[in-house]
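The values are calculated or read from the model by the stated rules, or taken from the named source; none is laboratory data. Bear in mind that the values here come from a model prediction, so they are computed numbers and not experimental data. Here the Cβ positions follow ideal geometry from the backbone for every residue, glycine too, while neighbour counts run over all protein chains shown. All accessible areas refer to the heavy atoms of the entire protein, side chains included, with ligands and DNA or RNA removed. Shrake-Rupley method; radii C 1.70, N 1.55, O 1.52, S 1.80 Å.
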Amino acid sequence: MQESMYSCMYYASCLLTRLPICSSKEDTPSSTGDSRYEEATFPKIDRKERAEDRWRGVRAQAGGGMVMDGGSHWIRPLRMWMGEIDKIVGVTGRVLPEMEGETLAKAIFKFKSGQMATFECTMSYTPFAPDPWWRITGTTGEITIDELGIWLHTEDPRYTSQQPPHHHHPSEDHRGILMLDPPKGYPESFTPEMEDFYMAVCHGKSLAAPPEMAFGELAAAFAIYESVERQAWVAPQSI
């Protein structure tokens with residue numbers, strides 16, 4: 001399960017840029033209506049299995065804790081789906097004493113589009129129950145992403161033939177469930193990136209995500225840290 005987790009989590013963030021997940025068209029299989037709310041949950045990584053990554057526990061080398069280390073993989077899709085972040089409020093904590101940075105964080109993002117998302121990350125030796133890494137809630141359904149793939153949850157009774165993810169239990173009001181895409185594996189997660197690099201180098205095409213875009217994830221991480229210190233909302237653009 002640990003291997004499948006790493007195989008899927010990066011692929012999902014690349015793949016979802018190609019899915020019309022927030023489409024309001026009723027005839028779109030992946031439609032959830034108008035997007036209203038999102039949750040991004042950083043995977044609960046067992047540090048015992050990654051003890052060789054000593055640099056991650058040193059703030060001067062990692063730049064921070066969980067939020068800075070891997071948070072960009074969760075913050076970037078939120079920006080792509082919801083737009084730029086207007087302001088952030090967050091809290092952090094340290095569960096593992098050997099880690100200098102935070103190993104626990106929870107934040108609320110308010111976007112300039114008026115939409116909202118929560119961002120959560122936890123690192124602990126504790127066994128965790130299954131939880132989707134992303135949950136996109138719309139007016140007519142939800143899309144969830146986990147190690148088993150990308151799933152549509154809808155009231156549409158046409159989508160009832162597939163077995164739901166282990167952590168989802170459809171109710172009578174939400175009977176429809178459809179796998180939009182299965183995990184493709186870790187190597188496949190880099191395919192869109194390599195295609196983009198190839199087109200830029202060999203054909204002069206502009207990069208889909210220029211390097212400057214990465215400042216948005218850094219600003220969001222620093223905004224969380226500043227919010228903890230000030231105990232207030234912080235605008236990433238002010239960082």
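Things worth noting here:
- Residue list for segment 200-225, restricted to those being within 19 Å of Trp74 (Cα to Cα), open to solvent by 60 Å² or more (accessible area, probe 1.4 Å) and either at pLDDT 95 or above or in a helix (DSSP H, G or I) (or both): Pro211, Glu212, Phe215, Leu218, Phe222
- Search result, residues across segment 207-221 that are in contact (Cβ under 8 Å) with a residue 12 or more places away in the chain and farther than 21 Å from Asp69 by Cβ: Ala208
- Selection within segment 95-112 - outside any strand (DSSP E or B), surrounded by 15 or more Cβ atoms within 10 Å (Cβ to Cβ) and free of Cβ contacts under 8 Å to residues at least 40 places away in the same chain: Val95, Glu102, Thr103
- Of the criteria (1) over 22 Å from the mean Cα position of the chain (by Cα); (2) touching a residue at least 60 places away in the same chain (Cβ under 8 Å), which one Arg230 fails: (2)
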